[in-house]
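The values are calculated or read from the model by the stated rules, or taken from the named source; none is laboratory data. Values in this document were obtained by computation on a predicted structure and should not be read as measured data. A quick note on method: Cβ atoms are made from the backbone with ideal geometry, for glycine too, and the neighbour counts reach across all protein chains shown. These accessible areas exclude ligands, DNA and RNA; they are computed on the full protein's heavy atoms, side chains included. Shrake-Rupley method; radii C 1.70, N 1.55, O 1.52, S 1.80 Å.
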Amino acid sequence: MLEIILKLLEVSFWSGIAAVGFGILFNVPKSAIMTIFALGFGAGFIKFLLIHLNIHVVLGSFLAAFFVGVISLPMAHKIHQPPVVFSIPPVIPMIPGYFAYETILSIMNFIFTEGEVNTRISLIDAIFTNGFTMFFILISLTVGVSLPMLLLKKNTVKKLDS
Amino acid sequence: MNDSSRLIKTANLLLDISSLLMVSGANTNRANLSIDRFASVLNCKAYSLISHKTIIMTLTDEETDQSCTRVQNIPPYIINFSVISAVSKASWNAISENWTLEQIEAEIERIKSISRYSQLLVLFAVSLAGAGFCNIFNGDYLNMMVAFTSTFMGLFIFQQTHKLKYNLYIRLFLGSFIASVTALVGIYFNIGANPQTALATSILFLVPGVALINSFTDLLDNNILNGMVRFTTGLMTVLAMAIGLFVAMYLFQLN
């Protein structure tokens, strides 16, 4: 049990580092860096905890991205930065790079494997499984992170109108 | 200064602000909101058409009812969240302190001169991020070393070709090609427990995360055209990355 928790914390730590790396690539203000690390850590923790509990990676990514989107709103008011500044970098580590890689690898093998029908069928299976998982993770990440922003922005606009 | 030249100056300033925001990676809604905020401070009303490469704006003075229309091209996109943050702060300060045109102009000039992180710091931070990715996808610390090195090499090429003003997609191809070749050397010598993960994560620094997320927020805001443009840009980026990886893997005959 302790081993699992330590592994989870290690992975979350590296998610935070990856988020900060991308934050620096996108030239975020210095005052936002700690927040980005914390959000990256939290998102990584939620995602890998959910995957460990046998929840599908698409749903796990969605909930982790939704967490980032929700938390970034009060944080935006607290440290006076617009929410995009620290809602995008923590989501980037969850981009399904490994599924994309597997998809490309299967496509390559499919192109260069001739004749053997069974291998080709299993490769088609791999292309579709990995490709669609990748696509749905991408959608769940983008929708998850932008949904709270859009929902709450609508609310404040309504308040202004009334 | 007479009214019409002042109006033209205001329009140019607002166009400058919105193109600055678009270049820095804000979504269309944010660019529109910022224009509206600044325009309301300057007693004007702005109506604008923002596309990916051009902004058209008609500005109407609310007192004299004069109007002027201006068009501005948007320079190539370079994501810079510090600019977005600074413009957002400036817009709130401008409203609460009722800034004049000259004050806003001076602040925008200051924002334009905000420095970026140094190239070396970016290289190290992004390479660490690459190593982090490798850990996330079950790599051990030797794999993370390989991922670090290949991200470093790929990003270095990506940055140097930017200085030589190469086409973006050629740069993406070269960056992903160099990064995956470096990671493939790791596979060739079988470094670490899981050398495949280093290859899969070495090119992730090129992932068009901002373009894809902004594309969906634009689509959800009903800025369908801009959303589609951003999505296509993201798709082209992924394609260029995939071709780089593909060619590298073909050269190493990894099947």
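Figures for the structure shown
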item	result
Boolean, A:Ala76 is of a type outside the set (Lys, Arg), more than 11 Å from chain B (Cβ to nearest Cβ) and open to solvent by less than 50 Å² (accessible area, probe 1.4 Å)	no
Check on B:Ser67, hydroxyl-bearing (Ser, Thr, Tyr) and either at pLDDT below 90 or under 19 Å from the mean Cα position of the chain (by Cα) (or both)	yes
Residue in the range B:109-123 that is over 30 Å from A:Lys78 (Cα atoms) and among the acidic types (Asp, Glu) present	no
Restricting the range B:84-111 to residues that are without any contact (Cβ under 8 Å) to a residue 24 or more places away in the chain and among the aliphatic types (A, V, I, L, M), the residue that is surrounded by the most Cβ atoms within 10 Å (Cβ to Cβ)	B:Ala90
Condition met for B:Val229 (in contact with a His (Cβ under 8 Å, 6 or more places away or on another chain) and surrounded by fewer than 22 Cβ atoms within 10 Å (Cβ to Cβ))	yes
Output for the range B:200-220, where each listed residue is more than 7 Å from every other protein chain (Cβ to nearest Cβ) and open to solvent by less than 40 Å² (accessible area, probe 1.4 Å)	B:Ser202, B:Ile203, B:Phe205, B:Leu206, B:Pro208, B:Ala211, B:Asn214, B:Ser215, B:Asp218
Residue match in the range B:242-254 (condition: modelled with pLDDT under 90, at the interface with chain A (Cβ under 9 Å from one of its Cβ atoms), part of a helix (DSSP H, G or I) and under 21 Å from the mean Cα position of the chain (by Cα))	yes
Residues that are in a helix (DSSP H, G or I), away from chain A (no Cβ under 14 Å) and not hydrophobic (A, V, I, L, M, F, W, C), drawn from the range B:1-38	B:Asp3, B:Ser4, B:Ser5, B:Arg6, B:Lys9, B:Thr10, B:Asn12, B:Asp16, B:Ser18, B:Ser19
Evaluation of A:Gln81 against (1) within 24 Å of B:Ile136 (Cα to Cα); (2) of a type in the set (S, T, N, Q); (3) free of Cβ contacts under 8 Å to residues at least 60 places away in the same chain (one fails), failing number	(1)
Any hit, the range B:106-126, residues being farther than 30 Å from B:Lys9 by Cβ, β-branched (Val, Ile, Thr) and at pLDDT below 90	no
Test: B:Gly234 is farther than 23 Å from B:Gly139 by Cβ, more than 7 Å from every other protein chain (Cβ to nearest Cβ) and at pLDDT below 90	yes
Check on A:Leu50, more than 10 Å from chain B (Cβ to nearest Cβ), assigned to a helix (DSSP H, G or I), within 17 Å of B:Ile136 (Cβ to Cβ) and out of contact with any Asp or Glu (no Cβ under 7 Å at 6 or more places or on another chain)	yes
Counted residues, the range A:87-110 - those being more than 7 Å from every other protein chain (Cβ to nearest Cβ) and not in a helix (DSSP H, G or I)	1
Some residue of the range B:180-188 being touching a residue at least 24 places away in the same chain (Cβ under 8 Å) and within 25 Å of the chain's Cα centre (by Cα)	yes
Tabulated pairs, the range B:43-55, first in contact (Cβ under 8 Å) with a residue 40 or more places away in the chain, second assigned to a strand (DSSP E or B), C-beta under 9 angstrom, 6+ apart or interchain	B:Ile50/B:Ile56; B:Ile50/B:Met57; B:Ile55/B:Ser48; B:Ile55/B:Leu49; B:Ile55/B:Arg70; B:Ile55/B:Val71; B:Ile55/B:Gln72; B:Ile55/B:Asn73
Considering residues of the range B:112-123 that are within 10 Å of chain A (Cβ to nearest Cβ) and in contact (Cβ under 8 Å) with a residue 24 or more places away in the chain only, the residue nearest to A:Val20 (Cα to Cα)	B:Val122
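Yes/no per residue for (1) within 14 Å of the chain's Cα centre (by Cα); (2) open to solvent by less than 10 Å² (accessible area, probe 1.4 Å); (3) at the interface with another protein chain (Cβ under 8 Å from one of its Cβ atoms):
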position	(1), (2), (3)
A:Phe26	no, no, yes
A:Ile46	yes, no, no
A:Ile55	no, no, no
A:Val68	yes, yes, no
